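Undergrad: My questions all concern the structure below.
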Amino acid sequence: MTSIRRFLIIVILSVVCLGNFIAALQGYRDSLAAIDRIEEQQLEEKAHTLSTLVSHQTNIPSHIFGDDTLFQVWQQAVLLAKSQNAPEASFYSQDAGFHLRSYNGNQWLLYRYEGQKPDIDIIVAAKHRVYSSLTEDVLIRTILPIIWVLPIIGLLVWGIVHIGLKPLRSLAAKLDSRGANDFSVLKKGRYTRELLPIISALNGLFGRLGDAFERERRFSADAAHEFRTPLSALKINLHNLSKEQKDNQTVQSLKRTADRMEHSIEQLLALHEVSIDIDGCVGKINLREAAQDVIVEVYDQLTLKSQTIELMGTDCFIHGRLPSIAILLRNLIDNASKYTPEKGVIRVTVGSRADQATLLIEDSGPGVPEEEYERVLNRFYRIGGDQNKSNVRGSGLGLSIVSDIVRVHNANIVISRSLELGGLAVKISFPLAEREEV
Amino acid sequence: MKILIVEDDPDLAEGLITALKHESFIVSHAVLGDEAKTRITQFQPEIIILDLGLPDMDGLEVLRYVRKKNTDIAVLILTARGDLDNKVKALDHGADDYLAKPFEMMELLARLRAMSRRLNTSASSQLKIGAVVLDIVAHTLSVNDQEIRLPKKEYMTLKILMEEAGRVKTKAMLEEHLYEWGETIGSNAIEFHISNLRKKLPPDFIQTIRGIGYTIKKADASQ
């Protein structure tokens, strides 16, 4: 059942049709029975007339009844009288009463009456159902109007169903117009009794969803606070310690550990941010500007390794959520910087071709062997285990978060070798946003 | 220079106090928002380092209180929630700067120095990178002890880049700064100022980051 309305219209029209046909059929049968009864009464009357005539010894004229009626009067095996259209031979074979019989190409209703005088048999027959064509005519006249009226009934039912389904439609419209984060309960007063169980179920669902969403949101904020504040304290105290003990190896090692922890925490928070990314905020993003902003933020780290970064290309627009796109850009640039040696080059290129916006991030690092491309994108996977030959430590979350963001944005990621720089080339193709919009 | 730290995490506050005292700042500390309000009157800080997540109130409320009382105090916001909304909200409420946790101490110190220069209370009113010295009180530039005259817009452009040495400034960011100072900027104006500045400065002092903007290397990094 794809549509309640269509279902109701078809079923109601079918029931109306069926009801009418049954009623018409019943009427037809009743009419036939009535006609039969009239025929029988007429035959009885005629038989009585003949009987009276016989008992008065009157000569019976052969044309006493019309052409539609035939009769025979028998006294034992002698035919006393008959109508012109009656056969010479005996017309009956059965007991007294009414019988049907075929003769001369017609159906005859036959009545055998044993007259008042003994040994007299009177047979009267009339053409059976001379009026049945009339009855059929009546039947068609009864049914035909229904066929004309059927579309009108259909339209009426359509309208009534339309009005009847109005609460359902208004509920659907209300749900449709809600924001993705609107978990407020629906007011029960405005809906019909049939919809109340649905409203109750929806309200329960909204309540649970709202709680879950709030917990997620709170977790994000709490986790951020609970991780970042002690980490800040740790870093400041390490800074103070390193001021006092300039060449202490343990302090340097602790600093590196704190930096690694910071990186992992930021990646985990980013992963969480992307995974709860259900609240709209989707807008048109200028990929070039987004890349520019992220590069400005990460530039500090690149200078530590004396790496050069450049941004090429022109403005191009995609639909998406800016925080996610910023995380994606940041992770890809971080990754390129991490695996590119000192004084290396990182190049970010944005551009649009046909209906696609492309983001290309290349570096002059060692790149990735072709057979590892697929696995690079898998969560927690790091080439060569936790300590690969590039001697870089990381949480391994970076690229898998990237692939999550890519999936959410209906984009496509391809890893290859950079033709110009020789290192890893990560190319992401987004569906292009229309320029005319917004 | 007097700094009031409003931060509820004891370890972080302790570390900050030690680090800032080490840099010769006079430091006071408040844990609660109410405490911070009294401290502002008693201690008369010039800079407040304000954590947004306080136990008794939203840090923004302290910020509102400061702005109602005294607009001269510079406020630097610290927050664990590094999202854009928070940043915009804090700056809208009149914060002078914003730093997301976890931060590098060097970064915090650089921001504090920039703030104290803006307050004109800094012991040194000079920005010095290599052979280039920009005096932000006298508005003069000297390269290798030779004084060079600078038109206003070039001076401003150079000041922004030197104040935040080591960071990249996009053309849009520079334009915005100049615009904030009431300057009208034509298209290609920034390129024009930069090209003029380059003629007066040592070679490669201002670097172009292709497709992004301009930067000046930090003094220690260039050595």
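Undergrad: So what is the 222 nm mean residue ellipticity for chain A from helices alone, if each DSSP H run of at least 4 adds -39500 (n - 2.57) and you divide by all residues, rounding to the nearest 500 deg cm²/dmol?
TA: Taking each H run of at least 4 residues, the total per residue is -18000 deg cm²/dmol.
Undergrad: In percent, how large is the relative contact order of chain A, given Cα pairs closer than 8 Å and 6 or more residues apart?
TA: It rounds to 10 percent for chain A.
Undergrad: Right, another one. Just checking the output field for B:10-17: average partner chain Cβ neighbours within 10 Å of each residue's Cβ?
TA: 5
Undergrad: List the GluC sites (Glu not before Pro) in the stretch A:295-344 that DSSP assigns to loop (not H, G, I, E or B) and whose Cβ has at most 11 other Cβ atoms within 10 Å. Which are they?
TA: Of the GluC sites (Glu not before Pro), the ones in loops of the stretch A:295-344 whose Cβ has at most 11 other Cβ atoms within 10 Å are A:E342.
Undergrad: Please identify every one of the GluC sites (Glu not before Pro) in the stretch A:1-52 that sits in a loop by DSSP and has no more than 13 other beta carbons within 10 Å of its own beta carbon.
TA: Hits after loop and neighbour filter: nothing returned.
Undergrad: Another question, if that's okay. Specify the longest stretch of chain A that does not include any exposed loop site, a site being one of the trypsin sites (Lys or Arg not before Pro) with a non-H, G, I, E, B DSSP assignment and at most 11 other Cβ atoms within 10 Å.
TA: A:1-186
Undergrad: Modelled label-to-label distance, B:S24 and A:R215, 7 Å Cα→beta-carbon offset: nm?
TA: The two pseudo-label positions are separated by 5.5 nm.
Undergrad: Shifting gears a bit: On average, how much accessible surface per residue is there in the stretch A:237-370, in Å², for a 1.4 Å probe, leaving out ligands, DNA and RNA?
TA: Result: 46 Å² of accessible area for each residue.
Undergrad: Still on this structure, please answer the following. To check you understand DSSP bridge types, tell me what percent of the beta bridges within the protein assembly as shown (both residues inside) are antiparallel, rounded to 5.
TA: Bridges in the protein assembly as shown that DSSP calls antiparallel: roughly 75 percent.
Undergrad: Positive end of the dipole of the protein assembly as shown, charges at C-beta (+1 Lys, Arg; -1 Asp, Glu), about the Cα centre: which of B:T157, A:H239, A:I295 has its Cα farthest in that direction?
TA: B:T157
Undergrad: Provide the buried accessible surface between chains B and A in square angstrom, both chains summed, 1.4 Å probe, rounded to the nearest 100.
TA: Chain pair B/A: roughly 2600 Å² of buried accessible area.
Undergrad: Add +1 for every Lys or Arg and -1 for every Asp or Glu among the other residues with Cβ under 12 Å from the Cβ of B:L150, and state the total.
TA: Cβ neighbours under 12 Å give a net charge of +3.
Undergrad: Given the DSSP H assignment, sum -39500 (n - 2.57) over each helix run of at least 4 residues in chain B and divide by its residue total; what's the result at 222 nm in deg cm²/dmol, nearest 500?
TA: -12500 deg cm²/dmol
Undergrad: Can you work out the FRET efficiency for the pair A:V149 and A:L79, with r the C-beta to C-beta distance and R0 = 60 Å, to the nearest 0.05?
TA: 0.55
Undergrad: Could you tell me which of rounded, prolate or oblate describes the protein assembly as shown, using a ≥ b ≥ c as the square roots of the eigenvalues of the alpha-carbon gyration tensor, with rounded for a/c under 1.5 and, failing that, prolate when a/b is larger than b/c and oblate otherwise?
TA: Judged from the Cα gyration tensor, the protein assembly as shown comes out prolate (a/c at least 1.5, a/b above b/c).
Undergrad: Related question: Give the shape of the stretch A:212-267 as rounded, prolate or oblate, defined through the alpha-carbon gyration tensor: a ≥ b ≥ c are the square roots of its eigenvalues, a/c under 1.5 means rounded, and otherwise the shape is prolate if a/b is larger than b/c and oblate if not.
TA: prolate
Undergrad: Can you list which of the chymotrypsin sites (Phe, Trp or Tyr not before Pro) found in the stretch B:164-205 are DSSP loop residues with at most 14 other C-beta atoms within 10 Å?
TA: Of the chymotrypsin sites (Phe, Trp or Tyr not before Pro), the ones in loops of the stretch B:164-205 whose Cβ has at most 14 other Cβ atoms within 10 Å are B:W181.
Undergrad: If you take the beta carbon distance between A:D95 and A:Q26 as r and set R0 to 22 Å, what does 1/(1 + (r/R0)^6) give as a FRET efficiency, to the nearest 0.05?
TA: Efficiency, rounded to the nearest 0.05: 0.10.
Undergrad: Report the paramagnetic label zone for A:V11: residues of the stretch A:133-157 whose backbone N is under 18 Å from a point 7 Å from Cα along the Cα-to-Cβ axis.
TA: Answer for this model: A:154-157.
Undergrad: In the structure displayed, which of A:K243/B:K87; A:K343/B:K217; B:K21/B:K169 lie more than 19 Å apart, Cα to Cα?
TA: As for pairs spanning more than 19 Å Cα to Cα, those are A:K243/B:K87; B:K21/B:K169.
Undergrad: About its Cα centre, how strong a charge dipole does the stretch A:183-237 have in debye, to the nearest 20, once Lys and Arg get +1 and Asp and Glu get -1 at the Cβ?
TA: The dipole magnitude comes to about 200 debye.
Undergrad: Hey, another quick one. Using 0.36 nm per residue of separation minus the Cα-Cα distance, give me the extension gain between A:R141 and A:S177 in nm, one decimal.
TA: Here the segment from A:R141 to A:S177 would lengthen by 7.7 nm.
Undergrad: Determine, from the Cβ-Cβ distance of B:Q126 and A:E226 and an R0 of 60 Å, the FRET efficiency 1/(1 + (r/R0)^6), rounded to the nearest 0.05.
TA: Calculated value: 0.90.
Undergrad: A further question on this structure: Going by alpha carbons, how many degrees (0 to 90, nearest 10) lie between the helix axis of A:322-339 and the longest principal axis of chain A?
TA: Between the helix axis and the principal axis of chain A, the angle is about 50 degrees.
Undergrad: With the full set of protein chains in place, find how many percent of the accessible area of the protein assembly as shown is carbon and sulfur; take the probe as 1.4 Å.
TA: After summing per-atom areas, the C and S share lands at 54 percent.
Undergrad: Sort A:Y299, A:Y113 by heavy-atom solvent-accessible area, probe 1.4 angstrom, most to least.
TA: Solvent-accessible surface, decreasing: A:Y113, A:Y299.
Undergrad: Once you have a ≥ b ≥ c as the square roots of the Cα gyration tensor eigenvalues for the stretch A:167-321, tell me rounded if a/c is under 1.5, and otherwise prolate or oblate according to whether a/b is larger than b/c.
TA: oblate
Undergrad: Taking a probe of 1.4 Å, how large is the accessible area per residue of the stretch B:141-187, in Å²?
TA: Value for the stretch B:141-187: 55 Å² per residue.
Undergrad: How far, in degrees from 0 to 90, does helix A:166-176 lean away from the longest principal axis of the Cα atoms of chain A, to the nearest 10?
TA: 10
Undergrad: Only counting protein heavy atoms at a 1.4 Å probe, give the residues of the stretch A:228-249, ordered by number, whose accessible area falls by 30 Å² or more when the other protein chains are present relative to the chain alone.
TA: Relative to the lone chain, where solvent access is computed with a 1.4 Å probe, the stretch A:228-249 loses at least 30 Å² at A:R228, A:T229, A:S232, A:A233, A:K235, A:I236, A:N237, A:H239, A:N240, A:K243.
The values are calculated or read from the model by the stated rules, or taken from the named source; none is laboratory data. The structure displayed is predicted, hence computed values, not measured ones. Quick reminder, even Gly has a Cβ in these numbers, built from the backbone with ideal geometry, and neighbours come from all protein chains shown. Just so you know, the surface numbers come from the protein's heavy atoms only, side chains and all, with ligands and any DNA or RNA stripped out. Shrake-Rupley method; radii C 1.70, N 1.55, O 1.52, S 1.80 Å.
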